[in-house]
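Here is the structure we will look at.
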Amino acid sequence: MPASEKASSQPVPSILLLGDDAGLGSVASGLSAAGFAITRTAQWSDGSALLARRPFDLVVTCTLVAADGLLVCDAIRDQSTIPLILLINSATRRERIAGLDAGADDCLSRPFHISELVARIRTLMRRAKTSDASGPATAGLRFGDWRINPRLRLVYDPAGRATSLTAAEFDILLAFCRNPGRVMTRAELLDLAHVGVGKPGERSIDVHIRRLRCKIERNPRRPQFIKTIRLGGYIFTADVERDHLT
């Protein structure tokens, strides 16, 4: 089969672009030129309806004001764990961190070069493909009374209920469970979890881990599973076992 024909048979990654900024037209054009299928809508209500009925690979949402972006992030996370990139006009470092804290997997300040956004999108999508790869790494995992299904990217609490994690939170937890009892630096977690492609860099891990602790720890202020190592990073102290996937 010719290379061009083989490439055309691959599914085109689909992105939902949310925002009413006129400048998003160039963003949509740039992402389309990079090989993504773009669906654009200005209103969150329309975006919510689209997410409910169509299987997108990623959401990119853009707001002029940081507070609006945080509200959209909260709304998306109430509905879906889909990978999410937040774009904010002239965002400060504090606003970018707030975006991560609200559930975004990455946050980018406008203006930016379209190639940087494309790189971040490809990183998030590459992570999903890696997690879906076949082999021993996809075996189920158990720590305490918690269970992880890497293939389906699901985490179940002690009562057997699925816990809503962002893509970044899931990948960090999976990295911990595959490296229990070992001190992991922020840079190593960035590499293993494929988060924080750009600013705010290594410290973005702290935001994701704070959110993760709130979801899996009985007392996030006195964590039992994820311990902070001063000047070192983090260590996952739970005993991790293979779990039979059903």
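The values are calculated or read from the model by the stated rules, or taken from the named source; none is laboratory data. Just so you know, these numbers come straight off a predicted model, no measurement behind them. We place every Cβ from the backbone using ideal geometry, glycine too, and count neighbours over all the protein chains shown. Note: areas computed on protein heavy atoms with side chains; ligands, DNA, RNA excluded. Shrake-Rupley method; radii C 1.70, N 1.55, O 1.52, S 1.80 Å.
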*Residue satisfying all of: in the range 29-45; farther than 12 Å from Leu17 by Cα and of a type in the set (A, V, I, L, M); surrounded by the most Cβ atoms within 10 Å (Cβ to Cβ) among these*: Ala34
*asked:* Suppose the filter is open to solvent by less than 40 Å² (accessible area, probe 1.4 Å) and not hydroxyl-bearing (Ser, Thr, Tyr); does Leu87 pass it?
replied: yes
*Going by the structure shown, is Thr61 free of Cβ contacts under 8 Å to residues at least 40 places away in the same chain and either in contact with a Gly (Cβ under 8 Å, 6 or more places away or on another chain) or hydroxyl-bearing (Ser, Thr, Tyr) (or both)?*
no
*asked:* I need a count of the residues in the range 31-44 that are part of a helix (DSSP H, G or I) and farther than 19 Å from Pro11 by Cα.
replied: 1
*For Ala91, are the conditions met, namely being in contact with a Ser or Thr (Cβ under 7 Å, 6 or more places away or on another chain), under 22 Å from Asp206 (Cα atoms) and either of a type in the set (Gly, Ala, Ser) or not in a helix (DSSP H, G or I) (or both)?*
yes
_Subset of the range 1-51 [modelled with pLDDT of 90 or more and among the hydroxyl-bearing types (Ser, Thr, Tyr)]_ = Ser14, Ser29, Ser32, Thr39
*Of Ala104, Ala137, Ala119, Ala128, which residue is open to solvent by less than 20 Å² (accessible area, probe 1.4 Å) and either assigned to a helix (DSSP H, G or I) or at pLDDT 80 or above (or both)?*
Ala104
*Assess whether Gly99 counts as being modelled with pLDDT under 85, assigned to a helix (DSSP H, G or I) and either buried (at least 22 other Cβ atoms within 10 Å of the Cβ) or in contact with a Pro (Cβ under 7 Å, 6 or more places away or on another chain) (or both).*
no
*Of the conditions (1) more than 17 Å from the chain's Cα centre (by Cα); (2) surrounded by fewer than 18 Cβ atoms within 10 Å (Cβ to Cβ), Asp74 clears all except one; give me its number.*
(1)
*What tally of residues in the range 193-217 results from selecting those that are among the acidic types (Asp, Glu) and at pLDDT below 90?*
2
*Failed item in (1) closer than 19 Å to Leu84 by Cβ; (2) at pLDDT 85 or above; (3) not hydrophobic (A, V, I, L, M, F, W, C), with Arg142 passing the rest*: (1)
_Odd one out for Ala162, checked against (1) modelled with pLDDT under 95; (2) within 30 Å of Leu87 (Cα to Cα); (3) surrounded by 15 or more Cβ atoms within 10 Å (Cβ to Cβ)_ = (3)
*If you check Ser48 against the conditions, is it at positive phi and either open to solvent by 30 Å² or more (accessible area, probe 1.4 Å) or among the basic types (Lys, Arg) (or both)?*
no
*asked:* Based on this model, can you work out whether Thr63 counts as closer than 18 Å to Leu86 by Cβ and either open to solvent by 20 Å² or more (accessible area, probe 1.4 Å) or under 20 Å from the mean Cα position of the chain (by Cα) (or both)?
replied: yes
*So Ala187 clears everything in (1) crowded, with 16+ Cβ neighbours inside 10 Å; (2) within 21 Å of Ile97 (Cα to Cα); (3) at pLDDT below 90 except one condition, right? Which one?*
(1)
_Given the condition modelled with pLDDT of 90 or more, open to solvent by 30 Å² or more (accessible area, probe 1.4 Å) and touching a helix residue (DSSP H, G or I) at 6+ places or on another chain (Cβ under 8 Å), answer yes or no: does some residue in the range 236-245 qualify?_
yes
